[in-house]
Amino acid sequence: MTVNYLAFAIPAFFIFVFIEYQIAQRRKREKIFKYESSIANFSVGIAERLLNLFMAASFYQVYEWVYSHYALFQIPNKWYVWLLLLLATDFVWYWYHRLGHEINFLWAAHIVHHQSEEFNFTAAARITTIQAIIRNIFWCVLPLIGFQPQMIITILLVHGAYSFFTHTQLIGKLGWLEYVLITPSLHGVHHASDEKYLDKNYGDVFVFWDKLFGTFQQEEEPPKYGLTHPIKSYSFLWQHFHYYLEIAEAYRRADGPKAKWNALFGSPALMDQNIRPALEVRYFQNKEKKQSGSKFKKYLNIQLIMVVITLTANTMFYSFLSSIDRWAILILVLITLINIGALLEQRIWIYYLEAFRLILLFAYLFYVLQIFKWVIFPIVLLVLFERTYSLRKLYNKYILSFRG
């Protein structure tokens with residue numbers, strides 16, 4: 001068992017976000033960052049990183065299996081092959097990315113990345129595990145061609161690191177590089193909701209593919225970032241699953257096989273725009289977005305910091321943990337992320353989620369200490385405190401006091 005040094009990428013990410021934030025402050029561009037949106041972006045990224053720990057090895061094993069059984073060629077590990085592999089990876093990315101915008105069930109996974117109305121380093125974190133699985137299926141083309149799995153993993157790390165740095169407004173146009181690479185300016189166009197910028201610049205590293213297939217667009221007017229029809233929620237669950245509900249509703253309403261097919265595999269541009277508002281009302285996700293108070297932020301920040309520390313330690317020592325440890329950490333962190341989203345929206349049911357999380361934490365700690373049979377005592381104590389001091393009212397007073 002070895003330490004996973006990729007864990008250091010997590011604090012590095014936050015260091016770069018901090019640097020970007022400080023530069024934005026000095027340049028008087030504070031509007032580049034919005035507290036609630038940044039927290040929501042972090043939450044999505046944390047969930048993806050944590051869930052991917054369960055599957056990262058599987059991705060490599062799938063590449064190995066495809067390469068061992070179905071590789072069309074045996075491509076050697078030569079210096080020039082690395083360049084070919086980088087180009088091939090970006091080409092596959094282009095089509096994965098483009099189809100992710102053109103097919104409903106693929107867009108359901110990718111839409112989360114475009115929900116942010118910010119365009120900064122925090123937006124780069126908005127990747128879901130479902131999206132990660134889908135793009136790794138596309139990347140199976142690479143071992144099928146004959147590229148070696150270890151080379152593929154290395155290039156994917158480089159590819160992913162490069163795309164992180166294209167999510168910023170603080171780097172302007174880069175001259176002649178705009179004709180070769182996807183720069184922050186060009187990727188900002190991709191994240192825009194302006195009509196002229198829609199469905200443009202799908203490449204991740206190179207601009208060749210967009211120019212070749214007619215989807216290239218330079219930045220002209222400053223972009224407006226986010227979805228053409230923004231969601232009205234910071235809910236962790238709603239942000240992940242609202243489009244799947246929209247597809248299900250579109251399928252339910254569809255009349256005939258062709259309409260049902262289009263609900264699943266048709267273009268998102270053809271989705272009935274009346275569906276989302278109806279679902280927002282049905283699932284109570286139509287609240288107005290509000291600004292948070294300072295006391296509320298402190299409480300939420302503590303939770304976020306604890307989650308980041310947990311994620312970093314869990315990533316570094318993942319191979320040392322038992323299955324029980326891994327699942328307990330996963331469940332507790334996911335509940336906390338749901339909790340953070342509910343805090344951003346000041347949901348009145350959040351106290352019960354907090355109590356449930358506390359009970360789960362006690363259960364896990366007592367299990368680790370091998371005194372699980374005594375877990376009933378802290379639960380009874382919690383109930384007694386609730387009855388004696390009305391913890392729910394105190395919680396609502398100090399945590400749900402924010403009303404905008």
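The values are calculated or read from the model by the stated rules, or taken from the named source; none is laboratory data. Keep in mind that this is a model prediction, so the values were computed, not measured. Here Cβ is always computed from backbone atoms with ideal geometry, including for glycine, and neighbour counts include all displayed protein chains. Accessible surface is based on the protein model in full, side chains and every heavy atom, while ligands, DNA and RNA are left aside. Shrake-Rupley method; radii C 1.70, N 1.55, O 1.52, S 1.80 Å.
Out of all the residues in the stretch 233-254, which are among the charged types (D, E, K, R) and either in contact with a Gly (Cβ under 9 Å, 6 or more places away or on another chain) or open to solvent by 60 Å² or more (accessible area, probe 1.4 Å) (or both)?
Within the stretch 233-254, Arg252, Arg253 meet the criteria.
Is it true that some residue in the stretch 323-330 is under 17 Å from the mean Cα position of the chain (by Cα), within 23 Å of Ala7 (Cα to Cα) and among the β-branched types (Val, Ile, Thr)?
no
Being among the aliphatic types (A, V, I, L, M) and within 18 Å of Ser163 (Cα to Cα) is the filter here, so list the residues in the stretch 187-219 that pass it. Please lay out each step first, then the result.
At the first step, the residues of the stretch 187-219 found to be among the aliphatic types (A, V, I, L, M) are 189, 192, 198, 205, 207, 212.
Answer for the stretch 187-219, where residues must be among the aliphatic types (A, V, I, L, M) and within 18 Å of Ser163 (Cα to Cα): Val189, Ala192, Val205, Val207.
Considering Leu157, Leu174, which residue is more than 21 Å from the chain's Cα centre (by Cα) and open to solvent by 60 Å² or more (accessible area, probe 1.4 Å)?
Exactly one of Leu157, Leu174 is more than 21 Å from the chain's Cα centre (by Cα) and open to solvent by 60 Å² or more (accessible area, probe 1.4 Å), namely Leu174.
Per-residue answers, yes or no, for (1) free of Cβ contacts under 8 Å to residues at least 24 places away in the same chain; (2) among the β-branched types (Val, Ile, Thr); (3) at positive phi; (4) assigned to a loop (DSSP other than H, G, I, E, B):
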residue: Tyr234; (1), (2), (3), (4): no, no, no, yes
residue: His240; (1), (2), (3), (4): no, no, no, no
residue: Tyr244; (1), (2), (3), (4): no, no, no, no
residue: Arg252; (1), (2), (3), (4): yes, no, no, no
residue: Leu264; (1), (2), (3), (4): no, no, no, no
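Within the stretch 352-359, can one find any residue that is assigned to a loop (DSSP other than H, G, I, E, B), open to solvent by less than 80 Å² (accessible area, probe 1.4 Å), over 24 Å from Ala7 (Cβ atoms) and not small (Gly, Ala, Ser)?
no
Output the residues belonging to the stretch 116-140 that are open to solvent by less than 10 Å² (accessible area, probe 1.4 Å), assigned to a helix (DSSP H, G or I) and hydroxyl-bearing (Ser, Thr, Tyr).
Thr122
Would it be correct to say that Asp199 is closer than 30 Å to Trp238 by Cα, open to solvent by 50 Å² or more (accessible area, probe 1.4 Å), acidic (Asp, Glu) and assigned to a loop (DSSP other than H, G, I, E, B)? Please lay out each step first, then the result.
On the way: closer than 30 Å to Trp238 by Cα: yes; open to solvent by 50 Å² or more (accessible area, probe 1.4 Å): yes; acidic (Asp, Glu): yes; assigned to a loop (DSSP other than H, G, I, E, B): yes.
So Asp199 fits the description; yes.
Within the stretch 255-276, does at least one residue satisfy the condition of being acidic (Asp, Glu) and open to solvent by less than 30 Å² (accessible area, probe 1.4 Å)?
Of the stretch 255-276, the ones acidic (Asp, Glu) are 255, 272.
If we keep only those that are open to solvent by less than 30 Å² (accessible area, probe 1.4 Å) too, we end up with none.
The answer is no, given that none of the residues of the stretch 255-276 is acidic (Asp, Glu) and open to solvent by less than 30 Å² (accessible area, probe 1.4 Å).
Taking the stated definitions as given, is Leu85 aliphatic (A, V, I, L, M), under 23 Å from Thr228 (Cα atoms) and modelled with pLDDT of 95 or more?
no
Looking only at residues that are without any contact (Cβ under 8 Å) to a residue 12 or more places away in the chain and open to solvent by 80 Å² or more (accessible area, probe 1.4 Å) in the stretch 366-383, which one is farthest from Arg347 (Cα to Cα)?
Gln370
Can you give me the ranges of the helices (runs of 4 or more DSSP H) entirely in the stretch 1-115 with at least 2 residues that are open to solvent by 30 Å² or more (accessible area, probe 1.4 Å) and free of Cβ contacts under 8 Å to residues at least 60 places away in the same chain?
On the way: elements: 9-26, 35-52, 56-70, 79-102, 104-114.
Output list reads 9-26, 56-70, 79-102.
Confirm whether Phe320 is more than 22 Å from Ala363 (Cα to Cα) and either open to solvent by 80 Å² or more (accessible area, probe 1.4 Å) or of a type in the set (Phe, Trp, Tyr) (or both).
no
Might you let me know whether the stretch 317-327 holds any residue that is out of contact with any His (no Cβ under 9 Å at 6 or more places or on another chain), in contact (Cβ under 8 Å) with a residue 12 or more places away in the chain and not in a helix (DSSP H, G or I)?
Within the stretch 317-327, one or more residues are out of contact with any His (no Cβ under 9 Å at 6 or more places or on another chain), in contact (Cβ under 8 Å) with a residue 12 or more places away in the chain and not in a helix (DSSP H, G or I).
Which is at pLDDT below 90, within 23 Å of Ser233 (Cβ to Cβ) and in a helix (DSSP H, G or I), of Leu279, Leu344, Leu304, Leu337? Explain how you work it out, then say what you get.
On the way: Leu279 fails: at pLDDT below 90; Leu304 fails: at pLDDT below 90; Leu337 fails: at pLDDT below 90.
Going through Leu279, Leu344, Leu304, Leu337 in turn, the sole match is Leu344.
Counting only residues that are in contact with a helix residue (DSSP H, G or I) (Cβ under 8 Å, 6 or more places away or on another chain) and under 19 Å from His101 (Cα atoms), how many does the stretch 260-282 have?
13
Does at least one position in the stretch 178-195 carry a residue that is in a helix (DSSP H, G or I), more than 30 Å from Ile75 (Cβ to Cβ), open to solvent by 50 Å² or more (accessible area, probe 1.4 Å) and without any contact (Cβ under 8 Å) to a residue 24 or more places away in the chain?
yes
Going by the conditions given, is Glu386 open to solvent by 30 Å² or more (accessible area, probe 1.4 Å) and assigned to a helix (DSSP H, G or I)? Let's see the steps before the verdict.
Numbers: open to solvent by 30 Å² or more (accessible area, probe 1.4 Å): yes; assigned to a helix (DSSP H, G or I): yes.
It is true that Glu386 is open to solvent by 30 Å² or more (accessible area, probe 1.4 Å) and assigned to a helix (DSSP H, G or I).
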